[in-house]
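Beneath this line is the structure, given in structure tokens, with notes to follow.
No value in this document is a laboratory result; all are computed from the given coordinates. Computed from a predicted structure; not experimentally measured. A quick note on method: Cβ atoms are made from the backbone with ideal geometry, for glycine too, and the neighbour counts reach across all protein chains shown.
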Amino acid sequence: MKRIILFILISISFVQAQQKTQTDTLTYEMKQISVTATRYAENLLEIPYAVSILQSQQLKNLRGYGLDEALSTIPGVLAQSRSGNQDVRLVIRGFGARGAGDRSNSGTSRGIRVMVDGIPETEPDGRTSFDQIDLSIADNIEVIRSNASAIWGNAAGGVVNLSTVPTETNEGITLRSLAGSFGFNQFQVKANTNFQNGEIFTSLSNSNLDGWRNHSSSFRTLFNLGFVSNLGEATKLGVFLSSVSNMFHIPGPLTQKQFDADPTQSNPTYEQRDERRFNRLGKIGITLNHDFDSSNGISGMVFVNPKYLQRSERGTFRDFTRYHVGGNLMYNNYSPLSSTIQNKFVVGADEAYQDGAILFYSLSPTNSRGDVLKDNKREGANTFGAFVQDEILFNEKLSVIIGARYDNITYYSESFITSGYGLQTKSFEHLTPKAGITYRLSPTQSLYANLGGGIEVPAGNETDPAGTYGQDLIYLLNSLLDPIISTTYEIGTKQLIAFQKNDLLKNFSYDLALYYIDIKNDIIPYRGGRFYFTAGKTQRMGVELGTSVQFTRGFSFNGAFTFSNNKYQEYLVDSVHYDLNKAGKFANYKDNKVAGIPDFFYNVGLTYAPVELNGVFVSVTLNGIEKYFVDDANTLSVPSFNVINTTIGLNKPIKLIGDLSFTGFLTINNLFDLKFVSSAFINPDIINNEAVYLEPGMPRNVVLSISFSY
């Protein structure tokens, strides 16, 4: 706590000193940046909560396989690679922290809403798979770090929205080839063309990775096609199609002794059963925006997302055939109330439904589908939400927002093979409030404060418990679980400056946020996620600072720093869940650290790109995470680490012949070959008195990229 207070004081002093310097000696201008993940396009400085944006230039020189490569540069966002591919543990201000473990479904996250072009990848129960997420398709990424349930509903502890629509209107085709350590290779082709009223853009990529650990290979083929068009002066249409075939093997967690002896080994049980995911998905989404006049308009979206998922998991072969459908509709009104007062009013609704058959078979001797059908069931989930929001802007300086959202989430579960269990349902309802205020200190700086609520219902695998003990009588739907209810209090300041005449600085920006989150019914996994229950109360508080400085001499600096304090306030555990010999006794975890959330993590980067070298740049980044606990008893921990990466490349194309140009980069990750733990299972299994929970991070590895554009 002392470190947090000291950090706040230093940050405020830094901001005040910078303001004084600007006022006394410098001339500057404002660069307008709009955000769309807030439901309607809004100036970044007017938004009364923490929002970060990664633009196309920041995404070009990345391998692009996992979201962690980009999101680790954003304060408040903990993005950890679990196996070196797209399987990422994603946590924003503690939301999503429990989503790692034997039964949390590898390749998925929870508690965070992820979208591509405003179309959800997140399922109605709050889980998100990353099969169709590839940074190479993203032109920009918007991240809402505040709890956004009042905007987006269930499991929106944070929001990540990738946009595939090119911001540059240049027509052409780009071929990119990447190769790297541990058998990594990717080939990608991207093309876009303009026509009178719109643009068509497409990409196809194929990625392969042998894996640096045993049993960690993966391959993925991903196709995207987009079409945006102005059907008239007041109407805009977007059509987005994608499909993917994705296979990845799961190396599993290690004990401390196994990690110390050889971090490249896989978990013996995982390898013996050839645990893996083979997912094939498609998606089509249509968006439409229409303005009736200068003050009134509507927008809507519909999507269809069929899925065929296969996996070897915990001694069974599983077939999932699912369909995910949904959409939204929103009405907006922008009206002047006077010459100095503007009003923005929006009202809308979201609907999403997922259902499908699940077949569990025995494993064959070759770990394929066996001959014995062990279970035949369906799992469905429906989420409906309606929201309203009003924003009043006074003199383009003071903005006040109030709003609320109603959500109803219902689960359906039915077994067709187990007698005596018919259709079971369970519903959750919640009304989530929202209020915020923003004051523009200047055209380049704003102060804000907000109060927001949040809801996160249990995910599908959490409502379908395993029969851990003979006395467990719950089947299909866990009636003991309540939704996570949270209240967020936040204050912050943002500033964006582009200098016109200065010998030292070209542009400067920072984003400082302080938050306090009160949580009831935090969902806790135990015995490797065989069962879940809710802790009484949890408290999270923290400070986030993101900053970017570009100097006139070719140097630039980026930093993201997160300090937090996360504790259980009420958490009484019946110890029968951990030790049958202690039935009737309890463990009290009050004041213990929340599992899976480090108190401090950061990412800083320094880039040198002198004008004299005509686009050549060299960058060095340092990524660090402090020690954190992975169990509620605070007896198991992941040690701290600091990893250095470096890149040399071109940040603008070199002309070759005619319209043909070339660009590329070379990256060395983990430059000093540090042995570290990149992720961990939460409340893991204890086998033979040893915890099985460590997921090793990649050793030194190299990535080379070459691109040709025409």
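Between the listed residues Leu636, Leu363, Thr202, the Cα displaced farthest toward the positive end of the dipole of the chain, a dipole computed from Cβ unit charges relative to the Cα centre, is found at Leu636.
The C-alpha atoms of the chain define a longest principal axis, and helix 2-25 lies at about 20 degrees to it.
What number in nm² do you get for the range 2-709 if you take the convex hull of its Cα atoms and divide its surface by four?
31.1
Its residue count N fixes a reference of 2.2 N^0.38 Å for the range 291-396, and the Cα radius of gyration divided by that reference is 1.84. Ordering Gly297, Ser218, Asn382 by Cα displacement along the dipole of the chain toward the positive end leaves Ser218 in first place; charges were set at the Cβ atoms of Lys, Arg (+1) and Asp, Glu (-1).
Every helix of 4 or more DSSP H residues in the chain counts as -39500 (n - 2.57), and over all residues that averages to -2000 deg cm²/dmol at 222 nm. Structural descriptor for the chain: relative contact order 12 percent, calculated from alpha carbon pairs under 8 angstrom and at least 6 residues apart.
Residue-wise HN-Hα couplings along the range 677-688, as the Karplus relation 6.51 cos²θ - 1.76 cosθ + 1.60 with θ = phi - 60° gives them from phi, are 9, 8, 7, 7, 6, 9, 6, x, 5, 10, 10, 6 Hz; Gly and Pro carry x.
Please identify which residues in the range 672-710 have an amide N closer than 13 Å to a label point set 7 Å out from the Cα of Gln256, following the Cα→Cβ vector. The answer is 689-694, whose backbone nitrogens lie closer than 13 Å to the label point. For Ala100, the residues whose modelled amide H falls within less than 5 Å of its own, excluding neighbours fewer than 5 places apart on the same chain, are Ile682. Each of Tyr331, Tyr568, Tyr361 was scored by other Cβ atoms within 10 Å of its Cβ. Listed from fewest to most, they are Tyr331, Tyr361, Tyr568. Taking a straight line from the alpha carbon of Lys506, these lysines sit under 20 Å away, with near neighbours fewer than eight places off in the same chain left out: Lys20, Lys31, Lys494, Lys652. Here the peptides 493-504, 304-315 are ranked by packing, the mean other Cβ count within 10 Å, and the order with the highest first is 304-315, 493-504. Within the same chain, aspartates and glutamates fewer than 8 places from Lys434 are excluded, and of the rest, those with a Cα less than 19 Å from its Cα are Glu42, Glu46, Asp350, Asp390, Glu391, Asp407, Glu456, Glu490, Asp518.
Each peptide among 147-157, 220-230 gets the average number of other Cβ atoms lying within 10 Å of its residues, and from highest to lowest they stand as 147-157, 220-230. With a cut-off of 15 Å on the backbone N, the residues of the range 273-288 near the modelled label site 7 Å out from Val239 along Cα-Cβ are 283-288.
Spacing of the modelled spin labels on Leu656 and Ala435, each 7 Å from Cα toward Cβ, amounts to 6.1 nm. Stretching the chain fully between Lys675 and Lys374 yields a gain of 104.2 nm (0.36 nm per residue, less the alpha carbon separation).
When the range 2-709 is described by a simple charge dipole with +1 on each Lys and Arg Cβ and -1 on each Asp and Glu Cβ, the residue from Gln495, Ile112, Thr552 located farthest towards its positive end is Thr552.
Post the alpha-carbon centroid distance, the range 365-380 to the range 584-643, in whole angstrom. Going from one Cα centre to the other spans 39 Å. Derived scalar couplings between HN and Hα for the range 87-98 equal 6, 10, 8, 10, 10, 10, 6, x, 6, x, 5, 7 Hz in order, rounded to whole Hz, by the Karplus curve 6.51 cos²θ - 1.76 cosθ + 1.60 (θ = phi - 60°), x for Gly and Pro. Pull up the DSSP beta bridges for the range 110-238 and report the antiparallel fraction as a percent, rounded to 5. Around 90 percent of the beta bridges assigned by DSSP in the range 110-238 are antiparallel ones.
Under a point-charge model restricted to the Cβ atoms of Lys and Arg (+1) and Asp and Glu (-1), what is the dipole moment magnitude of the range 141-240 relative to its Cα centre, in debye to the nearest 20?
For the range 141-240, the charge dipole is close to 360 debye.
Charges were assigned to the Cβ only: +1 to each Lys and Arg, -1 to each Asp and Glu. The resulting dipole of the range 590-701 about its Cα centre is roughly 420 debye. Averaging the Cα positions of each part gives two centres, and for the range 242-256 and the range 56-75 these lie 20 Å apart. Listed by chain and number, the lysines whose C-alpha is less than 18 Å from the C-alpha of Lys675, apart from same-chain residues fewer than 8 away, are Lys257, Lys627. In the distance distribution for the range 568-682, Cα-Cα pairs more than 16 Å apart total 73 percent. Rg/Rh for the range 374-461 (Cα atoms only, Rh after Kirkwood) is 1.29.
Rounded to the nearest 20, the Cβ-based charge dipole of the range 2-709 about its Cα centre (Lys and Arg +1, Asp and Glu -1) stands at 880 debye.
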